[in-house]
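The structure appears right after this line, and notes come after that.
The values are calculated or read from the model by the stated rules, or taken from the named source; none is laboratory data. Just so it is clear, the model here is predicted, and its values are computed rather than measured. As a convention, Cβ positions derive from the backbone with ideal geometry for all residues, glycine included, and neighbour counts pool all protein chains shown.
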Amino acid sequence: MSRHARLNSMLYKGIITSSLALCLVALPAVHQVRAEFEEPPVLSAAAILEPELLKGPHHEVADEVQNNGLFNSYSVTSPFGTFEAPSTTRLGFLVHELNAIAEMKKVQTDDTAIASLKQSGANTVSGIKNLFTDTESTLKGAASGVQGLFHRASETIGNREVTGAEDSKVQQVIGFSKSKGEIATKFNVNVYSRNKVLQEELERLAWADYLGGLGVGLATSVVPGVGGIVLSTSGAARLLNEAINTTPAAELWIQSRDKLLALDMDPDTVQLFLNNQMFSPALYTVMTTSLESMKGVENLELFLKVSLQASSPEMARVITEITVLTAGYHTHVTPLRTIVPMARITKTINKDGKVAVILPTDHLIWSERVSSTLMEISDNPTVAQSAGRELWLIGDLSDLAEKEFTTAGWEIHPRARSQLLPARN
């Protein structure tokens, strides 16, 4: 593996560990309940992945898979470069995107003509600068670190912030983003994907379609599924992806704001959530849709408060996945009564009084931090007096972890994606 790929792998592992592990790392080791704990294992891709995920016409997964106690990290080679997938869910999205990239590359465009047309578009841009108070800074990348908290006023349209996953405001205003969204929909990918190679292809085809009328709009997708935003492949998920792709980002912001306010959420919390640049328009739209489906559940605003912690796109994605899975539990398993804190994320109490912890992990092991979290939850008076406790995972858990959770009175539901999010049209 190259030095660059190794650095990327280390970065992804750090991001993932700091996202969902918030709930497991944040708590102190208040109990020394076991002497035996597990270390994160190295897994074999061939042993844990379905054949279509392991290898395909446009990708191959390296056999060595690092697990950090929660998620698996995969290295993927393809004709389009080397990629890192920080979870099994992300691997599935990545494979879908690589297949879409291969189909996009079959569409020929005149690069010379596109370059000329781009310049024409640049001339158009220069003619509408008066629409913005600070156009030059708008076209620059989003500020990073602490300074970013103090330099965002010039990057808003009204109260909306442009995220790193979006086109520039100028591209949105001149209509380029509309063409790009339509192209993304034709190839069943999400226009806000942070896959740089996919974005390059979307841009190439969108410029050709928007500026040149080169017939890209006639392209027909041959890539099944839904790429990049939701855990389900249902018809409803495809419709949501299409709506996100073809609705202006500013309109998605307004729609999400209005829906969250209609759920009686605090206006300041809503605006802070929607202006967290780690959440692309796709992610906050999916989160809002999930929250709306849980209308009537107490303390839904806790999800927004948890989201304010997201300091990376991957953390934002994990928090969104927790919200989607929780909504799936509410809709397809048992209606929920309330949402309550669990360290820095959430757990739920259903209408029957059972406590349910719902996590998007790949492979959960019995570590000291998992042990202390389990005991903290089990000792909580609300949980101790509950009608029962459930653990729902989209992945699995080690034999030791399953034994310890079961001994502590937990009802375990591994590999529960299809129960939480059935693929119904």
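Taking the conditions exactly as written (polar (S, T, N, Q), at pLDDT 90 or above and either in contact with a Ser or Thr (Cβ under 6 Å, 6 or more places away or on another chain) or not in a helix (DSSP H, G or I) (or both)), does Thr320 satisfy them or not? So that I can check it myself, show each step before the final result.
On the way: polar (S, T, N, Q): yes; at pLDDT 90 or above: yes; either in contact with a Ser or Thr (Cβ under 6 Å, 6 or more places away or on another chain) or not in a helix (DSSP H, G or I) (or both): no.
So Thr320 does not fit the description; no.
Taking the criterion of being surrounded by 17 or more Cβ atoms within 10 Å (Cβ to Cβ), within 19 Å of Ala262 (Cα to Cα) and of a type in the set (Gly, Ala, Ser), the only residue of region 279-306 that qualifies is Ser290.
Taken over region 218-255, the criterion of being farther than 16 Å from Tyr192 by Cα and at pLDDT 90 or above is satisfied by Ile254, Gln255. Among the residues of region 367-393, the one identified as at pLDDT 95 or above and either of a type in the set (Phe, Trp, Tyr) or outside any strand (DSSP E or B) (or both) is Trp392. In region 257-269, the residues that are part of a helix (DSSP H, G or I) form Cβ pairs under 9 Å with partners that are crowded, with 17+ Cβ neighbours inside 10 Å and hydroxyl-bearing (Ser, Thr, Tyr), at six or more places apart or across chains, as follows: Arg257/Thr288; Lys259/Thr288; Lys259/Thr289; Leu260/Thr288.
Just one residue in the set Leu325, Leu304 is in a helix (DSSP H, G or I), at pLDDT 95 or above, within 28 Å of Glu38 (Cβ to Cβ) and touching a helix residue (DSSP H, G or I) at 6+ places or on another chain (Cβ under 8 Å); that residue is Leu325. Summed over region 328-347, residues that are within 21 Å of Gln419 (Cβ to Cβ), touching a strand residue (DSSP E or B) at 6+ places or on another chain (Cβ under 6 Å) and either at pLDDT 95 or above or assigned by TED's automatic domain parsing to the domain that holds Asn72 (or both) total 6.
Taking Thr338, is it in contact (Cβ under 8 Å) with a residue 24 or more places away in the chain, over 30 Å from Arg238 (Cβ atoms) and under 25 Å from the mean Cα position of the chain (by Cα)?
Values: in contact (Cβ under 8 Å) with a residue 24 or more places away in the chain: yes; over 30 Å from Arg238 (Cβ atoms): yes; under 25 Å from the mean Cα position of the chain (by Cα): yes.
So Thr338 fits the description; yes.
Within region 78-88, does at least one residue satisfy the condition of being part of a helix (DSSP H, G or I), farther than 30 Å from Trp366 by Cα and within 22 Å of the chain's Cα centre (by Cα)? There is no residue in region 78-88 that is part of a helix (DSSP H, G or I), farther than 30 Å from Trp366 by Cα and within 22 Å of the chain's Cα centre (by Cα).
The lone criterion from (1) surrounded by 15 or more Cβ atoms within 10 Å (Cβ to Cβ); (2) without any contact (Cβ under 8 Å) to a residue 60 or more places away in the chain; (3) touching a Leu at 6+ places or on another chain (Cβ under 8 Å) left unmet by Leu231 is number (2).
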